[in-house]
1. Take the range 64-86 and flag every residue that is surrounded by fewer than 18 Cβ atoms within 10 Å (Cβ to Cβ) and small (Gly, Ala, Ser).
2. From the list Asn153, Asn196, Asn176, which one is touching a residue at least 60 places away in the same chain (Cβ under 8 Å) and among the polar types (S, T, N, Q)?
3. Does Pro89 count as in contact with a strand residue (DSSP E or B) (Cβ under 6 Å, 6 or more places away or on another chain), surrounded by 14 or more Cβ atoms within 10 Å (Cβ to Cβ) and in the same structural domain as Asp172 (by TED's automatic domain parsing)?
4. Select from the range 155-177 the residues that are touching a helix residue (DSSP H, G or I) at 6+ places or on another chain (Cβ under 9 Å) and closer than 22 Å to Leu95 by Cβ and list them in ascending order.
5. Which ones in the range 137-156 are aliphatic (A, V, I, L, M) and more than 21 Å from Glu125 (Cα to Cα)?
6. Which condition number does Pro103 fail, the rest of (1) closer than 24 Å to Arg209 by Cα; (2) crowded, with 16+ Cβ neighbours inside 10 Å being met?
7. Would you check if there is a residue in the range 94-116 being of a type in the set (Val, Ile, Thr) and over 17 Å from the mean Cα position of the chain (by Cα)?
Amino acid sequence: MTRTHTTVFVLIAIVALVLGLTVNKVLNNKSQGDPTVLLDAGIVLLPQSRSLPALSLLDQDGQAVAVDQLTGQWSLLFFGYTFCPDICPATLAQLRQLQGQLPAQTLAKLRIVLVTVDPGRDTPEQLKKYLDYFDAGFIGWTGEQATIQKLANSVSIPFIPADTSKENYTVDHSGNLVLIGPDGKQHGFIRAPINNDKLAAQLPGLFDRAN
């Protein structure tokens with residue numbers, strides 16, 4: 001093989017490699033689904049997944065949970081509280097309805113977690129009583145105010161701690177949901193107000209494509 005032939009062969013190999021990497025990137029991007037359709041359903045995927053902080057909270061049974069070990073299923077985290085007069089009960093009722101609209105195989109991959117932004121009143125016992133009302137298998141998390149604030153900030157769902165000296169105080173918080181993958185990392189958000197019909201159409205494919 002002449003030097004010229006060798007040079008041509010190397011160039012062809014380089015072009016083939018670049019083309020292969022480009023096609024692979026395109027296919028990988030498509031595997032996440034059509035961004036326009038996902039956005040229409042309120043699903044916003046992050047360009048790069050985020051690790052959750054190593055924090056410890058309590059669930060509604062008083063058992064310690066490691067936030068960064070939320071693995072094995074897709075999870076929707078909703079930051080709210082049991083004394084919320086409007087957004088929280090409405091959102092949880094919608095999520096219960098959404099569960100009924102999802103195929104069984106998709107539902108088996110999903111957990112829904114209420115992270116309280118009012119830990120002073122939302123003890124494990126209060127969370128359990130409240131979530132049992134929905135009869136939907138929801139999980140509740142509570143803990144120290146500073147720990148919850150750190151978790152909320154890490155997933156870009158900030159809230160304003162309430163003035164607990166006032167009677168029947170309320171807490172300002174977001175209605176967005178945090179989308180956590182089976183790898184325990186944040187993959188995106190679901191924007192409020194949620195649309196059950198559109199989510200029911202998009203979540204099965206998203207969960208399957210990302211596995």
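The values are calculated or read from the model by the stated rules, or taken from the named source; none is laboratory data. A quick note: this is a predicted structure, and the numbers were derived from the prediction, not measured. Virtual Cβ from ideal backbone geometry, glycine too; neighbours counted across all protein chains shown.
1. Selection gives Ala64, Ala66, Gly72.
2. Answer to the selection: Asn196.
3. Values: in contact with a strand residue (DSSP E or B) (Cβ under 6 Å, 6 or more places away or on another chain): no; surrounded by 14 or more Cβ atoms within 10 Å (Cβ to Cβ): yes; in the same structural domain as Asp172 (by TED's automatic domain parsing): yes.
Considered against the rule, which asks whether it is in contact with a strand residue (DSSP E or B) (Cβ under 6 Å, 6 or more places away or on another chain), surrounded by 14 or more Cβ atoms within 10 Å (Cβ to Cβ) and in the same structural domain as Asp172 (by TED's automatic domain parsing), Pro89 comes out as no.
4. Taking the range 155-177 first, the residues touching a helix residue (DSSP H, G or I) at 6+ places or on another chain (Cβ under 9 Å) are 157-159, 161, 173-175, 177.
Selection gives Ile157, Pro158, Phe159, His173, Ser174, Gly175, Leu177.
5. Step one: filter the range 137-156 for residues aliphatic (A, V, I, L, M), giving 139, 146, 148, 151-152, 155.
Within the range 137-156, Leu151, Ala152, Val155 qualify.
6. Condition not satisfied by Pro103: (2).
7. Just the residues of the range 94-116 that are of a type in the set (Val, Ile, Thr), to begin with: 106, 112-113, 115-116.
Narrowing the set further to residues that are over 17 Å from the mean Cα position of the chain (by Cα) leaves none.
Within the range 94-116 (the criterion being of a type in the set (Val, Ile, Thr) and over 17 Å from the mean Cα position of the chain (by Cα)), the answer is no, since none of the residues qualifies.
Residue-wise test of (1) surrounded by 20 or more Cβ atoms within 10 Å (Cβ to Cβ); (2) under 21 Å from Thr82 (Cα atoms); (3) not assigned by TED's automatic domain parsing to the domain that holds Leu55.
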| site | (1), (2), (3) |
| --- | --- |
| Lys166 | no, yes, no |
| Val171 | yes, yes, no |
| Ile180 | yes, no, no |
| Gly184 | no, no, no |
| Asn195 | no, no, no |
| Pro204 | no, no, no |
